[in-house]
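The values are calculated or read from the model by the stated rules, or taken from the named source; none is laboratory data. What you see is a predicted model, and the numbers here were worked out from it, not measured in a lab. A quick note on method: Cβ atoms are made from the backbone with ideal geometry, for glycine too, and the neighbour counts reach across all protein chains shown. All accessible areas refer to the heavy atoms of the entire protein, side chains included, with ligands and DNA or RNA removed. Shrake-Rupley method; radii C 1.70, N 1.55, O 1.52, S 1.80 Å.
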4 protein chains.
Amino acid sequence: MSDGFSEIASGLCAIARGFHARGWLLGTSGNLSAVVQREPLQLAMSPSGVDKGELKPEQLLSIDENARVGSGHAGKPSDESLLHLRIVKERGAGAVLHTHSVWNTIVSDLYVAQGGLNIEGYEMLKGLQGVRTHEHTEWLPIIENSQDMPALAESIAEMLSKHNDVHGFLLRRHGLYSWGETLAQAKRHIEIFEFLLETIGRSLHIHGKYTGV
Amino acid sequence: MSDGFSEIASGLCAIARGFHARGWLLGTSGNLSAVVQREPLQLAMSPSGVDKGELKPEQLLSIDENARVGSGHAGKPSDESLLHLRIVKERGAGAVLHTHSVWNTIVSDLYVAQGGLNIEGYEMLKGLQGVRTHEHTEWLPIIENSQDMPALAESIAEMLSKHNDVHGFLLRRHGLYSWGETLAQAKRHIEIFEFLLETIGRSLHIHGKYTGV
Amino acid sequence: MSDGFSEIASGLCAIARGFHARGWLLGTSGNLSAVVQREPLQLAMSPSGVDKGELKPEQLLSIDENARVGSGHAGKPSDESLLHLRIVKERGAGAVLHTHSVWNTIVSDLYVAQGGLNIEGYEMLKGLQGVRTHEHTEWLPIIENSQDMPALAESIAEMLSKHNDVHGFLLRRHGLYSWGETLAQAKRHIEIFEFLLETIGRSLHIHGKYTGV
Amino acid sequence: MSDGFSEIASGLCAIARGFHARGWLLGTSGNLSAVVQREPLQLAMSPSGVDKGELKPEQLLSIDENARVGSGHAGKPSDESLLHLRIVKERGAGAVLHTHSVWNTIVSDLYVAQGGLNIEGYEMLKGLQGVRTHEHTEWLPIIENSQDMPALAESIAEMLSKHNDVHGFLLRRHGLYSWGETLAQAKRHIEIFEFLLETIGRSLHIHGKYTGV
């Protein structure tokens with residue numbers, strides 16, 4: 001393991017433990033990745049089926065652009081590695097994080113018919129990279145869930161080319177994907193979306209519908 | 001205490017502390033067990049009436065197939081040891097975990113009239129052993145609560161023989177039981193069910209009824 | 001400080017930090033006490049106005065039956081010391097704990113007109129000392145809040161003599177009091193009531209009213 | 001860095017980590033400051049865009065009354081430094097804390113039309129400096145959010161001169177500001193307001209409207 005890989009792996013584990021404590025990665029759900037090098041692409045990727053509350057740096061896998069595990073790494077990469085690789089390719093992301101929270105699950109279901117939801121008027125939006133004001137309108141797309149990973153990767157790539165300014169998306173009744181140039185930025189984006197989705201979900205409890213936008 | 005017992009006891013304590021922190025084992029509620037050996041059966045079992053947030057390996061009791069405490073162990077095993085033993089017998093489980101959460105209590109009450117609830121369409125279901133797709137329908141039985149442990153053990157055995165593919169069940173206004181081949185798998189199953197029951201409970205807040213299935 | 005006092009003070013601090021983390025003692029609210037000796041009465045009591053998340057054993061005050069601070073202890077005991085002393089006297093309690101949670105505040109307000117609420121049918125009730133079945137009905141009295149501590153102590157004493165089987169009570173829009181023969185039992189009782197009040201409060205969200213009893 | 005600055009910086013970091021754990025400073029949101037000296041004014045201020053869950057004392061910036069960063073400190077102070085400085089000036093505050101919680105965001109939106117909300121009848125109010133009884137009525141003003149910091153600072157100053165007894169205020173869909181003579185008092189005030197706003201928000205879930213005042 002290179003020093004660069006080790007450092008990135010430690011960073012991913014710290015985030016995994018923190019998000020697991022918040023209930024965003026329960027039951028071995030969710031996955032995390034970060035770019036170690038670009039040419040040729042090397043991604044540090046969480047393995048399939050491990051407890052994210054106990055993730056250790058030596059469990060992180062090195063995968064290439066075809067999701068093949070590098071030598072010296074044992075384990076099965078997450079089924080969703082293809083989605084991570086596609087987001088890295090389409091967005092030039094340095095890190096991709098995927099959470100399963102109660103609130104992102106609920107909201108992903110409620111707005112699926114309209115293909116996503118607009119979020120606007122919240123100061124918290126300013127934490128999304130490039131956003132300068134709470135008056136910003138953020139489109140959060142929702143994609144129907146599927147077990148066909150290559151097809152899902154295509155749907156995501158198509159959506160990303162159509163909406164080139166989104167900072168994340170939901171998979172219906174599945175979870176949230178967000179990313180960033182760096183791991184810190186990806187973590188920030190996840191925290192912001194989780195906050196906003198909880199705020200929207202709880203507002204729905206009061207109003208019966210989301211009156212936020 | 002054998003090395004095998006010690007290691008399993010430590011694993012049970014780590015889970016107990018983590019679940020207590022989440023509010024799933026408050027007020028000395030809930031109990032945890034894992035198989036140390038099969039022939040003759042030896043089960044490491046949490047004692048009755050102890051604070052699960054402070055459970056220590058030396059407090060775990062060794063019990064046999066009749067819930068008798070092994071020599072060298074002092075303390076009273078949980079009243080629900082009979083239920084654990086029955087699940088181990090009927091399912092060949094390697095570990096059985098039982099939690100009392102606010103959400104499993106609420107949902108266990110709401111669906112008791114229909115004997116349980118179907119959960120389907122959630123990606124999180126894929127974490128249940130043997131489930132391959134979110135399109136899976138998981139039947140979560142609800143059994144009326146009772147203080148008659150032998151009778152309750154019979155009801156559970158009868159239900160398990162009728163529904164041989166369930167991964168857990170609810171006792172009405174009491175709590176959740178789940179299990180696994182290993183302790184890690186049992187923990188994963190509890191986290192998944194608790195997540196799904198919270199999601200269903202919170203969806204009920206919005207819709208007035210569960211529209212998930 | 002005697003060894004007995006030190007040990008009790010450490011136990012109170014551990015509980016204070018844990019309850020503060022759960023949001024039950026925010027903003028320096030709530031207070032905790034335990035009996036060090038009976039004759040003459042010596043009570044270890046949390047001081048007024050301190051952050052319960054950072055409570056240290058040396059901050060605990062020794063008070064006598066008249067709430068006078070013992071020599072060697074500096075600080076002002078909580079205004080509610082009189083209530084603790086009265087509960088110790090009326091119930092022979094070995095420890096008294098008082099929490100301010102969001103759910104106990106909400107429920108204390110909803111049922112004040114009827115003077116309290118019955119809680120029944122929950123397995124969790126079995127954790128209350130002397131309760132043997134979930135079919136138990138627990139009366140949780142609610143007393144109107146007041147800043148007149150001697151008068152409030154009288155109201156509490158009167159209620160306790162009338163309802164000699166209660167395990168706790170609510171002060172309206174103020175908080176929960178519970179107690180036990182030991183500190184561990186008092187902690188268990190608080191966790192049980194907080195669990196049940198959250199369960200009842202969240203059920204109200206679904207049904208519009210508490211249908212539990 | 002002076003010893004005084006170091007100690008204050010450590011105190012700010014401990015609060016930042018604790019509030020981040022509660023979900024009140026997610027996504028690098030919120031900011032914290034405390035007065036190091038009055039003449040000339042030196043304020044320890046959290047930098048812009050850092051993860052509050054990992055804030056370290058050496059990241060805190062020293063700023064003067066014009067929000068200029070002192071020598072020996074690298075980094076950009078928060079955009080909202082002007083608001084902190086204004087509150088310090090208008091109130092003589094020793095510390096100013098600003099949180100983004102789900103509940104303060106929701107409540108700030110619901111009562112904006114009436115310019116704020118009255119909170120009364122809660123024991124928790126007694127923790128606000130100078131309040132002696134739960135019968136106190138606390139006015140919590142809500143100011144429309146803006147990215148024009150000098151203008152927002154003026155709005156706040158105007159509001160503070162009009163309502164010279166408030167202990168905090170909300171910015172619409174943005175967050176809560178509170179302060180205190182000391183850092184401990186400011187922390188206490190934030191915990192109290194967050195508790196009360198959650199209580200009010202959850203009561204709205206039950207009643208459809210806030211019936212508390």
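Give, as a single signed number, the net charge of other residues whose beta carbon lies under 15 Å from the beta carbon of C:E65, with Lys and Arg counted +1 and Asp and Glu -1.
Cβ neighbours under 15 Å give a net charge of +2.
Say the dipole of the protein assembly as shown comes from +1 at the beta carbon of Lys and Arg and -1 at that of Asp and Glu; which of B:H163, A:L83, A:G30 then lies farthest toward its positive end?
Toward the positive end, the furthest listed residue is B:H163.
Identify the GluC sites (Glu not before Pro) of the stretch C:46-93 meeting these criteria: DSSP loop state and at most 14 other C-beta atoms within 10 Å of the C-beta.
Filter output for the stretch C:46-93: C:E65.
Have a look at the DSSP beta bridges in the protein assembly as shown and tell me what percent are antiparallel, nearest 5.
The antiparallel fraction comes to roughly 90 percent.
What order do C:R68, D:R132 take when sorted by accessible area (1.4 Å probe), most exposed first?
Reading off the accessible areas and sorting them downward yields D:R132, C:R68.
Where nothing but the Cβ of Lys and Arg (+1) and of Asp and Glu (-1) is charged, how large is the charge dipole of the stretch A:77-192 around its Cα centre, in debye to the nearest 20?
220 debye
Mind listing the Cα extents of the protein assembly as shown along all three principal axes, in Å, largest one first?
Reported extents, whole Å, longest axis first: 76, 76, 48.
Ignore the peptide's own chain and count Cβ atoms of other chains within 10 Å of each Cβ in C:21-30; give me the average, rounded.
Partner-chain Cβ atoms within 10 Å, mean over residues of C:21-30: 6.
So with the 1.4 Å probe, I'd like the accessible area per residue for chain B, rounded to whole Å².
Using a 1.4 Å probe on heavy atoms only, each residue of chain B averages 37 Å².
How far is D:G70 from itself in the other copies, in nm, if each label sits 7 Å out from Cα along the Cα-Cβ line, shortest first?
Ordered by increasing distance: 4.5, 4.5, 6.3 nm.
Taking the Cα atoms only, what angle lies between the long axis of helix B:183-207 and the longest principal axis of chain B, rounded to 10 degrees?
30 degrees
Semi-axes of the equivalent ellipsoid of the stretch A:132-187: what are they in whole Å, largest first, if each equals the square root of 5 times a C-alpha gyration tensor eigenvalue?
Equivalent ellipsoid of the stretch A:132-187: 22, 13, 11 Å, largest first.
Would you list, by chain and number, the aspartates and glutamates whose Cα falls below 17 Å from the Cα of C:K56, excluding same-chain residues fewer than 8 positions away?
Hits, sequence-local ones excluded: C:D3, C:E7.
Using the Cα gyration tensor of the stretch C:80-170, with a ≥ b ≥ c the square roots of its eigenvalues, what is the shape: rounded (a/c below 1.5), prolate (a/b larger than b/c) or oblate (neither)?
oblate
Compute, for chain B, the length of the dipole vector about the Cα centre, with Cβ point charges of +1 (Lys, Arg) and -1 (Asp, Glu) only. Units Debye, rounded to 20.
280 debye
Could you please report the charge total around C:T99, scoring K, R as +1 and D, E as -1 over all other residues with beta-carbon less than 11 angstrom from its beta-carbon?
Value of the local net charge: +1.
Give the long-range amide H neighbours of D:L32: residues separated by 5 or more places, or on another chain, with amide H under 5 Å away, using H modelled in the peptide plane at 1.01 Å from N.
D:S46
Can you give me the C-alpha center-to-center distance between the stretch C:94-123 and the stretch B:77-124, rounded to a whole angstrom?
That distance is 28 Å.
Does the stretch A:157-205 come out rounded, prolate or oblate, given a ≥ b ≥ c as the square roots of the eigenvalues of its C-alpha gyration tensor, rounded meaning a/c under 1.5 and, failing that, prolate meaning a/b above b/c?
Since a/c reaches 1.5 but b/c is at least a/b, the shape of the stretch A:157-205 is classed as oblate.
Counting DSSP beta bridges in the stretch D:85-183, what percent are antiparallel, to the nearest 5?
In the stretch D:85-183, approximately 90 percent of DSSP beta bridges are antiparallel ones.
Which distances, in nm and shortest first, link the B:E7 label point to the same label point in every other copy, taking 7 Å along Cα→Cβ?
Nearest to farthest, the other copies are at 3.6, 3.6, 5.1 nm.
According to the square roots a ≥ b ≥ c of the eigenvalues of the Cα gyration tensor, what is the shape class of the stretch B:116-213, taking rounded for a/c under 1.5, prolate for a/b larger than b/c otherwise, and oblate for the remainder?
Taking the square roots of the gyration eigenvalues as a ≥ b ≥ c, the stretch B:116-213 is oblate.
Assign unit charges at the C-beta atoms only (+1 for Lys and Arg, -1 for Asp and Glu), then state the dipole size of the protein assembly as shown relative to its Cα centre in Debye, rounded to the nearest 20.
240 debye
What pairs in B:K52/C:K52; B:K126/B:K187; B:K76/C:K187; A:K52/B:K76; A:K52/D:K76; A:K52/A:K76 have C-alpha atoms more than 24 Å from each other?
Flagged as over cut-off: A:K52/B:K76; A:K52/D:K76.
Where does helix A:81-91 land angle-wise versus the long Cα axis of chain A, in degrees 0 to 90, nearest 10?
Roughly 70 degrees between the two axes.
Whole angstrom only: what separates the Cα centroid of the stretch A:13-34 from the Cα centroid of the stretch B:17-46?
With the stretch A:13-34 and the stretch B:17-46 each reduced to a Cα centre, they are spaced 24 Å.
In bins 10 Å wide, starting from 0, what share of all Cα pairs of chain D does each bin hold, as a percent?
Each 10 Å bin holds this share of Cα pairs: 9, 36, 37, 15, 3, 0.
In deg cm²/dmol and to the nearest 500, what is the mean residue ellipticity at 222 nm of chain A if only DSSP H runs of at least 4 residues count, each as -39500 (n - 2.57), divided by the residue total?
So the calculated ellipticity at 222 nm is -12000 deg cm²/dmol.
Output, in nm with one decimal and in ascending order, the distances from the A:T133 label point to the matching label points of the other copies (7 Å from Cα along Cα-to-Cβ).
Going from nearest to farthest copy, the values are 4.8, 4.8, 6.8 nm.
Identify, for chain D, the residue whose C-beta comes nearest the rotation axis onto chain A, and round that distance to whole Å.
Closest to the rotation axis on chain D: D:H205, 4.
Looking at chain A, send over the antiparallel percent of its DSSP beta bridges, to the nearest 5.
Close to 90 percent.
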